[in-house]
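Contents: one structure, followed by commentary.
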Amino acid sequence: MRRESRRRSGLVVRYFDPWGSPLCTCPPKYSLQPYTGCSHFCLYCYATAYIGVRKSQPKERFIERLKADLKRFVDPCLPINMSTSSDPYPPEERVYRLTRRALEILIPAGYKVLITTKSSLVARDADLLARGNAAVTITVTTMDERLARKLEPGAPPPRERIEALRVLHEAGVPVGVRLDPLLPGLNDDEDSVREVLEAAREAGARFVVTSTYKARPDNLRRVLAAFPELEKLYKRLYREEGVWIHGYWYMRPERRLRIIERVRRIALELGFEFATCREGFQHLHTAPSCDGTHLIPRRLPLPRGASCEG
């Protein structure tokens, strides 16, 4: 048992497991994180509860371990999502190029790849992504650059992310946008939502996934330290009226539904496919997947002659 545990702990390609969340609707997939920690330092980050607040660090022997995992157990029919917790395009990627090197292995081999990032650096790899079974979703929470600098101090400005969407789209890469999370009193109003979605749609995005902010003790402290004027509101919405679900404080369902329906209305008006993330409102979805994996095209044969449906 201990030997097996040690062997599995060395994996870099891991089956995506949202810790048994009853609200997660992601299809089966793998998660691949070239880095630990995240230099974007987003105030609302959920992952800091278990990885801490620290700069992105390259994983030891990452490429060697990736090659070993692909040979040993990876089902070529399932997509590989880079990344689900630590952004695959932190500033450090310019130096270490781990994500680029991983794509140079995965793309020519025919693996299905979904990139999830809030960095404009992803546009650097448009040449690779456009040749393979790959799609990209970029997080844009607001077009207000002053607000973005407070919420996501280490991430590129939102207009750079929109431009990255455009570059990828023009290169032929299917792209979507994550309007995620929506924080009450900051970026959940009609004008803010519409500004993000109009910019993303004009840049070529065809899919949007959204969710409301879920509070954890550590990220709530960071948000309120930056926005002390929201303390009474957030105490009421989350600690007093909210619901504790699987490690997070959620706003009560009717409050979340009003916010989500606002985004959905604007998204459908603009011609987006729509989904939510860990909200429990699947009846509102118009997209085939909630994470964007349905965007992945079939341009190359899958590895090892795999025969997969869909």
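Taking θ as phi - 60°, what are the ³J(HN,Hα) couplings along segment 86-96 by the Karplus curve (6.51, -1.76, 1.60), each to the nearest whole Hz, with x for Gly and Pro?
My calculation for segment 86-96 gives 9, 4, x, 10, x, x, 5, 5, 4, 8, 7 Hz in order.
At 10 °C and a viscosity of 1.306 mPa s, what translational diffusion coefficient does Stokes-Einstein give for segment 1-141, taking Rh as the Kirkwood radius over Cα pairs? Give it in µm²/s as a whole number.
Working: Rh = 15.7 Å.
In µm²/s, the coefficient is 101.
Show me, for segment 201-214, the HN-Hα J-couplings you get by feeding each phi into the Karplus relation (A = 6.51, B = -1.76, C = 1.60, θ = phi - 60°), rounded to Hz, glycine and proline as x.
5, 5, 7, x, 5, 10, 9, 10, 10, 9, 7, 8, 5, 10
For the chain, what relative contact order do you get, as a whole percent, if you take Cα pairs closer than 8 Å and at least 6 residues apart? Present the calculation step by step, with values, prior to reporting the outcome.
Working: 570 pairs, mean separation 59.9, N = 310.
Taking the mean separation of contacting Cα pairs over the length of the chain, I get 19 percent.
Rounding to the nearest 10 and keeping the result within 0 to 90°, find how far the Cα-based axis of helix 253-269 lies from the longest principal axis of the chain.
70
Please list, in order along segment 112-119, the HN-Hα scalar couplings obtained from phi with the Karplus expression 6.51 cos²θ - 1.76 cosθ + 1.60 (θ = phi - 60°), rounded to whole Hz, x for Gly and Pro.
7, 10, 10, 9, 10, 8, 10, 10
Among K118/K235; K150/K235; K118/K232; K29/K71; K55/K118, which pairs are too far apart, with a Cα-Cα distance over 23 Å? Before the final figure, lay out each step's value.
Working: K118/K235 28 Å; K150/K235 20 Å; K118/K232 30 Å; K29/K71 17 Å; K55/K118 15 Å.
Correct reply: K118/K235; K118/K232.
Counting every Cα pair in segment 72-125, what percent are over 19 Å apart? Don't skip to the end; give the middle numbers.
Numbers: 371 of 1431 pairs.
Here the tail beyond 19 Å accounts for 26 percent of pairs.
Which net charge results when you count Lys and Arg as +1 and Asp and Glu as -1 among the other residues whose beta-carbon is under 13 Å from that of L230?
On the way: positive: K150, R221, R222, K232, K235, R236, R239; negative: D188, E229, E231.
Around L230, the surrounding residues sum to +4.
Show the residues, 5+ positions off or on another chain, whose built amide H is closer than 5 Å to the amide H of T36.
It is Q57, K59, by chain and number.
Return one number: the angle in degrees, 0 to 90 and rounded to the nearest 10, between the long axis of the Cα atoms of helix 98-109 and the longest principal axis of the Cα atoms of the chain.
Between helix and principal axis, roughly 60 degrees.
What size of dipole, in debye to the nearest 20, comes out for the chain about its Cα centre when the only charges are +1 on Lys and Arg C-beta atoms and -1 on Asp and Glu C-beta atoms? Don't jump to the answer; show the numbers that get you there.
On the way: 52 positive and 38 negative charges, 279 e Å.
Using Cβ point charges on Lys, Arg, Asp and Glu, the chain gives about 1340 debye.
Mind pulling the per residue volume of the convex hull built on the Cα atoms of segment 96-217? Å³ is fine. Intermediate values should be presented prior to the final figure.
Details: hull volume 14.0 nm³, N = 122.
Residue-normalised Cα hull volume stands at 115 Å³.
So which chymotrypsin sites (Phe, Trp or Tyr not before Pro) in segment 66-137 pass both tests, a DSSP loop state and at most 12 other Cβ atoms within 10 Å of the Cβ?
On the way: sites: F73, Y96, Y111; in loops: F73, Y111.
Filter output for segment 66-137: F73.
What would the Debye equation give as log₁₀ I(q)/I(0) for segment 10-296 at q = 0.09, 0.10 Å⁻¹, counting only Cα atoms as equal point scatterers?
Log10 of I(q)/I(0), two decimals: -0.39, -0.49.
Over segment 189-271, what portion of Cα pair distances is larger than 23 Å, expressed as a whole percent?
On the way: 1173 of 3403 pairs.
Value for segment 189-271: 34 percent of Cα pairs lie more than 23 Å apart.
Add +1 for every Lys or Arg and -1 for every Asp or Glu among the other residues with Cβ under 12 Å from the Cβ of I245, and state the total. The partial results should precede the final answer.
On the way: positive: K214, R216, R252, R256, R278; negative: E279.
Cβ neighbours under 12 Å give a net charge of +4.
Computed from the coordinates by the stated procedures, all read-outs in this text should not be read as laboratory data. If you're wondering where the values come from, they're calculated on a predicted model, not measured in any experiment. Backbone-built Cβ (ideal geometry, glycine too); neighbour counts: all protein chains shown.
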